[in-house]
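Report on one structure; see the data block that follows.
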Amino acid sequence: MSMEQPIIETRSLNLFYGSFQALINVDLQIQDRQITALIGPSGCGKSTLVRVFNRMNDLIDGVRVTGRVLVQAENIYAPSIDMIALRRKVGMVFQRPNPFPLTVAENITFGLEVHRSLPRSEFRRMIEESLKGVLLWEDLKDRLDAPALGLSLEQQQRLCIARVLAMKPKIILMDEPCSALDPIATMKIEDLMRELKRDYTIVIVTHNMQQAARASDFTAFMYLGELIEFGETKSLFRTPRVKRTEDYITGRFG
Amino acid sequence: MSTDERRLATKVRKVREFLIERTIFVSGITSIVIVALIFIFLLKEGLSIFLTESVFDFLGGQFWYPISDPAVFGILPLIAGSVLVTVGAAILSVPIGIASALYIAEIAPPRTKEVLKAGIELLAAIPSVIIGFIGMVTLGPLIKDLFDIPTGLTALTGSLTLAFMAMPTIVSIAEDAITAVPRQYREAAIAMGATKWQTTWKIVAVAARPGMVAAVMLGMGRVIGETMAVMMVTGNAALIPHSFLQPVRTLTATIAAEMGETVQGGDHYAALFAIGIVLFIITFLINAVTDLYLHRSVRK
């Protein structure tokens, strides 16, 4: 594979929860403005891996990381790292839509207030821009002060993406973003991901192989904490190099 | 099983269901009936005062001389006393109570948390007469010396004592509400780069607001209804207070202090019951306003 400078790179990454090793020697390169899918059976470490990139694993007691993780060539486990800046650069969308119990507008301005990244007079414009970015503006422009929890699940998940967009991140991590949605909503979110790819790098964890095959450019297959195979989605699904990958994508286990 | 047996079994099941449903219904309705009976009793005993004293003179009268001749039943000083003491207690206990709840729920390390929670529950278990007693012998003299006033038994002393009593209610209920805020909200806020403080203040505290309002209202309910402690520390002067450093007398303390001296069925007796009606209406209004607020914010 000939590639440019990766936006995320891990080198011999190991992660331990206490004495349990959840990630084993992971070397992975994620390309800028591409969609990279992490697949594998439950417990393979794909969610753990994606939570390394914005250091959300730090919230769990007893986590230990060795090796290097570079985001835009900066080691994010260096002691000098600014976590707040990191999480602004690397946004995250969760499995269950989790908009704050605030209004639609407040959900989007939360990040702006936290990072003081925009003057208040620009908030209105940013709300519009972010909602347009996730194709919610037409639906919600008259309901900006309505509670976010009153929206449909799909709209809530879009709003969660919109509030990440408002922070102007470089990378968006998505941890099974469609698992709470119905098939039609799932399709729409996948369409949205393809739109967003023009401006953002997307890393998506999914247990749904069809989704990885449909929506991603690169796929990483993980098993029991190891990165088994990584490559362009088309070739990985068409001609997997490793037997175990083939067994998984053909549904023989997992 | 024959058809007859099956029919019988169905019938038995139906009767049993019916009995269970009725029992639950009766238990549920009992509490409502009891409240209604209490209110009716209050009305029956208290309303006769308005034959001799007009409602306006009763509520707005500045003098409470129940045993003079002729007796004067104006409860404005008592209402003012109750309001002053309650407002003072709220000002003291609400910020501290909510802050402790946030500390216990969000910040304290697990061991500290356990100790604090146990301590607060213990605090709630202290009988009010003991708190009143401690307030009377320690707080009273302290306030007397501190402000150089003739008596330490003042509205301020009452507010402090009652704030202390409302705190366990406010802290433990607010803490439950904060702990019940789903993890996902915190995760989302942290993932957006919010600090612990920003997450707590802007997201968790907002999500827990209905519960915190309920906590405050229950705490205030305890304050308004509290009798023993407040009677011991406020000095019991039925005068309209002009500052926190004057003795006051509350609605509750008046009933408790004077009921023993009245003649059943007399004007004084009826006046005390009418005070009961006023208290009942005040607490009812507080509950109703809280309920309205909570329903509104849930719908919102």
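Any read-out appearing in this document is the output of simple, stated calculations on the displayed coordinates, not a laboratory observation. Predicted model, so just to flag it, every value in this text is computed and none were measured. Every residue, glycine among them, receives a Cβ derived from its backbone with ideal geometry; neighbour counts consider all protein chains shown.
Assorted remarks:
- Estimated [θ] at 222 nm from DSSP helical runs (n ≥ 4, -39500 (n - 2.57)) normalised by residues in chain A, nearest 500: -9500 deg cm²/dmol
- Within the shell defined by Cβ-Cβ distances under 9 Å, the residues around B:Ala166 carry a net charge of 0, with Lys and Arg each +1 and Asp and Glu each -1.
- FRET efficiency, 1/(1 + (r/R0)^6) with R0 51 Å, evaluated for B:Lys14 and B:Leu239 via beta carbons: 0.15
- Percentage relative contact order, chain B, counting C-alpha pairs under 8 Å, at least six apart: 25
- Among the listed pairs A:Lys141/B:Lys202; A:Lys89/A:Lys132; A:Lys188/A:Lys234; A:Lys168/B:Lys117; A:Lys170/B:Lys202, those whose Cα-Cα separation exceeds 31 Å are A:Lys168/B:Lys117.
- Split chain A at each of the trypsin sites (Lys or Arg not before Pro) in a DSSP loop with at most 16 other beta carbon atoms within 10 Å, and the longest piece is A:34-115.
- Average Cα contact separation per residue, chain A, under 8 Å, 6 or more apart, as relative contact order %: 28
- Over the residues of chain B, the helix contribution to mean residue ellipticity at 222 nm works out to -23000 deg cm²/dmol, using -39500 (n - 2.57) for each DSSP H run of at least 4.
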